[in-house]
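These notes are about the structure you will find just below.
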Amino acid sequence: MKKLRRATEAEVISEFLKNEFYQEEFQHDREQFERLVLDPDLTNERENAIRRALLFRRRGHMWRELPADTQWWQVELEIEDLARVRVFPRAHWRRIADGSFQLSDIVRRIRSERFNGKTRLFISKIQALSYRLRVHHDHSSILLIGVDENSPVTILEGNHRLTAALLASPSVLQTRFSVLCGFSPRMRESCWYETNLPNLWRYAKNRIKNLQDREADLKRLVRGYAVQDNYGGVTARKAITESK
């Protein structure tokens, strides 16, 4: 795995949100925020704050489980890295995996095994996406997490696209996406990287703690910026702080 450049948290959140913005939770936000999501200005702090709040509405529980010292990089996946890429063990992936969540093993089973019911329907969607990726470029980003560039990495966002791409060919996987990877020496404390009882217990406590998620309160955030616009600069920030 080759590190290409550092990526900011704002950039990663922006790419994550782009991949999520079709979801039903954002149905009433598209008219107002679609431009801000699809054509982001990463130098604009206000836009970055709004994108973060939008993402946290759906994925705040995921983001909080990443270590605070996580550093994000755009990386280039090489052929030998594929043996270290893992799918997170959830939903249909458990039935497909048969114990191994390595991406290459998942793809091997899709090619060789026969599945039934909902799993078969799920795989058909992956195969349809795989066909599209053979003939069309995809400019979206995949998010991975790991301890460092020499350790196993887990797909935080992009299970379907990476599986479909590898199902087409390794070269398709290497050339279709931008790959952003978050590294931290404490990544093993995240349940998204290592699924064990201590990590899951910490995750459960955090979910309960953040049932009322202030960071996802978009109305409060936009109202705060409206006050800032009315009062201007430092005075507005003081007014916002004193009103809390």
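The values are calculated or read from the model by the stated rules, or taken from the named source; none is laboratory data. Please read these numbers as outputs of a predicted model, since none were measured by experiment. Positions of Cβ are generated from backbone atoms using ideal geometry, with glycine treated the same way; all protein chains shown enter the neighbour counts. With ligands, DNA and RNA removed, areas are computed over all heavy atoms of the protein, side chains included. Shrake-Rupley method; radii C 1.70, N 1.55, O 1.52, S 1.80 Å.
In the assembled protein chains, Arg90 presents an accessible area of approximately 80 Å² (probe radius 1.4 Å).
Dividing the summed helix terms, -39500 (n - 2.57) for each DSSP H run of n ≥ 4, by the number of residues in the chain produces a 222 nm estimate of -16500 deg cm²/dmol to the nearest 500.
Stretched out fully, how many nm does the piece from Tyr131 to Arg114 gain, at 0.36 nm a residue minus the Cα gap?
That works out to 4.2 nm of additional length.
What FRET efficiency would be calculated for the residue pair Glu9, Ser171, taking the C-beta separation as r and a Förster radius of 25 Å, to the nearest 0.05? The pair Glu9/Ser171 has a calculated efficiency of 0.25.
Computing Rg and Dmax of the Cα atoms in Å directly from the structure and comparing it against (1) 18.3, 74; (2) 19.6, 65; (3) 18.4, 57 singles out (2). The order of the peptides 168-175, 49-56 by mean Cβ neighbours within 10 Å, most packed first, is 49-56, 168-175.
So how do 115-121, 95-101 stack up, highest first, on mean other-Cβ count within 10 Å?
Values: 115-121: 11.6, 95-101: 15.1.
Going from most to least packed, we get 95-101, 115-121.
Contact order, relative form, for the chain: 24 percent (alpha carbon pairs under 8 Å, 6 or more residues apart, mean separation divided by residue count).
What do you get when you divide the Cα radius of gyration of the stretch 11-154 by 2.2 N^0.38 Å, with N the number of residues? All intermediate terms of the calculation are to be shown ahead of the outcome.
Values: Rg = 17.3 Å, N = 144, 2.2 N^0.38 = 14.5 Å.
Relative to the 2.2 N^0.38 Å estimate, the stretch 11-154 comes out at 1.19.
Evaluated over the Cα positions of the stretch 37-114, the convex hull gives a direction-averaged projected area, one quarter of its surface, of 8.0 nm².
Any idea of the accessible area per residue across the chain, 1.4 Å probe, to the nearest Å²?
Working: 13650 Å² over 244 residues.
Heavy-atom accessible area per residue stands at 56 Å².
Taking amide hydrogens as placed 1.01 Å from N in the peptide plane, the amide H of Ala7 sits under 5 Å from those of Trp72, Trp73, Gln74, each at least 5 positions away in sequence or on another chain.
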